[in-house]
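What follows is a set of notes on a single structure, which appears directly below.
The values are calculated or read from the model by the stated rules, or taken from the named source; none is laboratory data. Everything numeric here is computed off the predicted structure, so don't read it as measured data. Reconstructed Cβ throughout: ideal geometry from the backbone, glycine too, with neighbour counts over all protein chains shown. For accessibility, only protein heavy atoms count, side chains too; no ligands or nucleic acids. Shrake-Rupley method; radii C 1.70, N 1.55, O 1.52, S 1.80 Å.
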Amino acid sequence: MKLNEFLQQVTSFIRSREAKIEVEKELTQHLKQAKKAWLAQGYSEDEAEHRAVAQMGSATTLGQSLNKLHKPKVDWLIVVPIGLLLMLSFLPLLAVDLQYKSMLIERNFIYILLTIMMITGLMLFDVRKVKNYGYYFYAAGIGLMLLIMCFPNLIVNGEAMLRVGPLRLHVWYTLPLFCIAWAALFSKKSMKIWQAIVLAGFAFILIANIPNVPVLFIFSVMTFVMLLCGTFSKREKIVAATLILGTVVAFFISIFIMAKKGILAPYQLARINGFLQPEMYMDTSGYLYVKFSSIIDNANWIGGNKIQGLPPEAHTDFVFAHLIQSYGFVLALFIAALLLFVLIRIGIQSFSKPQTFSKLLVMGVLTLFATQVVYAIAMTFGVVPLVSIPLPFISYGLTPMLLNACIIGVCLSVFRRKSYIFI
């Protein structure tokens, strides 16, 4: 049997078009190597090809086996917890006392539908196809920031945004773009560590000029993790880690010195004092820290305790404290457990992959997801300063829903093709 005929018979049993392409590439490579080995033993071209094909066994048996092995799969251990979280996202809205609560609930239905559509669309799309477009995604992230900085037409809480019809474009949307860019660029062996630092540093400077501390923090953590997981040498990673950690230490030292010398702006100093000594500033910058501490101290295991009144932004930024106060520790811990399970599942799946673009991309989105989860819960307990970071799939809002839908969709896209040859 000729090589091409054998390949056609084998791939005819494979239903998935994507898997068929991957299998054909893999088998062609094996057959060519086998044929080369037979040619080296002195066989003719036709005899070598015939023996190489015969060595592979029955085309029918092999095709059926490969169809079962390479069939795209849905990771239900991620899908089911995310589905539960989306259903539970209505609970914070049901517990708030707002005149427009019904409108929020209706919008949340729409946001969930859009989230499901985005997750499904990304899962069906082969994200490996964007591997060679790292600089394009980097340019898109930089371009979006420059548009927001130069042509803002909306200011919300001091943050510049670009409003296009009903859509608000702001710096949060650059995070998935940079994640894909880093995965594509940092997985290239030709990429030097100094080039990566220059690219990341320029993006960092631009984000720092847009007053959004949460995005700057998440971007920094994501970039740091992806640098360490990239294909750079061990020495280059040590140099990069030393440089980045040294910069962080220098930043905090400079903040301490400026605070001592009174150089910081009054509102900046008030935020620091409110975090470090909330009881002394409970009427101003320490109010929310004291509020959250009181909520936790007076919360029930099951059932709400709303005697103190709900915290501000109860259904968005501070939703975890709202859940504890309105429904008790059991429900809040159940939601935290679902989020933690998703994190662990993604982590286990990613660590089993070779050092490739796919693995690096999953590590990036895992960092994006984990940073939000850990920080949103930690700030409720006063461990870290209060900032506007959503709890994934629970906090109300289109932006956090779409951002985390992108994260989960990318992971499902990679894991759906986990039996393929990863590139």
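Can you give me the Rg/Rh ratio for the stretch 250-336, using Cα atoms for both radii and the Kirkwood formula for Rh?
1.12
Quick one: order GLU313, GLU26, GLU106, GLU49 from most to least accessible surface, probe 1.4 Å.
Ranked list, largest accessible area first: GLU106, GLU313, GLU26, GLU49.
Leaving ligands, DNA and RNA out of it, work out the accessible area of PHE251 with a 1.4 Å probe and give it in Å² to the nearest 10.
120
Could you work out the percent of alpha carbon pairs in the stretch 154-218 separated by over 14 Å, rounded to a whole number?
64
Going from the alpha-carbon gyration tensor of the chain, what semi-axes, largest first and in whole Å, does one get by taking the root of 5 times each eigenvalue?
Over the Cα atoms of the chain, the ellipsoid semi-axes are 48, 27, 18 Å.
Go through ARG271, ARG417 and list them by solvent-accessible area, largest first, probe radius 1.4 Å. Write down the numbers at each step before the final one.
Working: ARG271 160, ARG417 5 Å².
Greatest to least solvent exposure: ARG271, ARG417.
Given H placed 1.01 Å from N in the peptide plane, which residues other than close sequence neighbours of LEU154 have an amide H under 5 Å from its amide H?
MET161, ARG163
For the stretch 1-110, what is Rg from Cα atoms divided by 2.2 N^0.38 Å, rounded to two decimals?
Relative to the rule-of-thumb radius for its length, the stretch 1-110 sits at 2.01.
Residue by residue through the stretch 336-346, which ³J(HN,Hα) values in whole Hz follow from phi under the Karplus form 6.51 cos²θ - 1.76 cosθ + 1.60 (θ = phi - 60°), with glycine and proline marked x?
4, 5, 4, 5, 5, 4, 4, 4, 5, 4, 5
Of GLY63, LEU104, TYR173, which is farthest towards the positive pole of the chain's charge dipole, taken about the Cα centre with +1 and -1 on the beta-carbons of Lys, Arg and Asp, Glu respectively?
GLY63
Taking every pair of alpha-carbon atoms in the stretch 210-359, give the share separated by more than 24 Å as a whole percent. Write down the numbers at each step before the final one.
Values: 6419 of 11175 pairs.
In whole percent, the share of Cα-Cα pairs in the stretch 210-359 beyond 24 Å is 57.
For LEU243, what accessible area in Å² do you get when you roll a 1.4 Å probe over the heavy atoms of the protein chains, rounding to the nearest 10?
About 90 Å², ignoring ligands and nucleic acids.
Ignoring everything but the protein chains, give the 1.4 Å probe accessible area of TYR267 in square angstrom, nearest 10.
140
Calculate the FRET efficiency for PHE256 and ARG168 from the Cβ-Cβ distance with a Förster distance of 25 Å, rounded to the nearest 0.05.
The calculated FRET efficiency here is 0.10.
Shape of the stretch 194-235 from its Cα gyration tensor (a ≥ b ≥ c, root eigenvalues): rounded if a/c is under 1.5, otherwise prolate when a/b > b/c, or oblate?
Note, shape of the stretch 194-235 comes out oblate.
Can you return the lysines within cross-link range of LYS189? Criterion is Cα-Cα under 24 Å, with same-chain partners fewer than 8 residues away left out.
Cross-link targets: LYS25, LYS129, LYS131, LYS234, LYS237, LYS353, LYS359, LYS418.
For the residue pair ILE116 and LYS129, what label-to-label distance in nm results when each label sits 7 Å from Cα along the Cα-to-beta-carbon direction?
2.5
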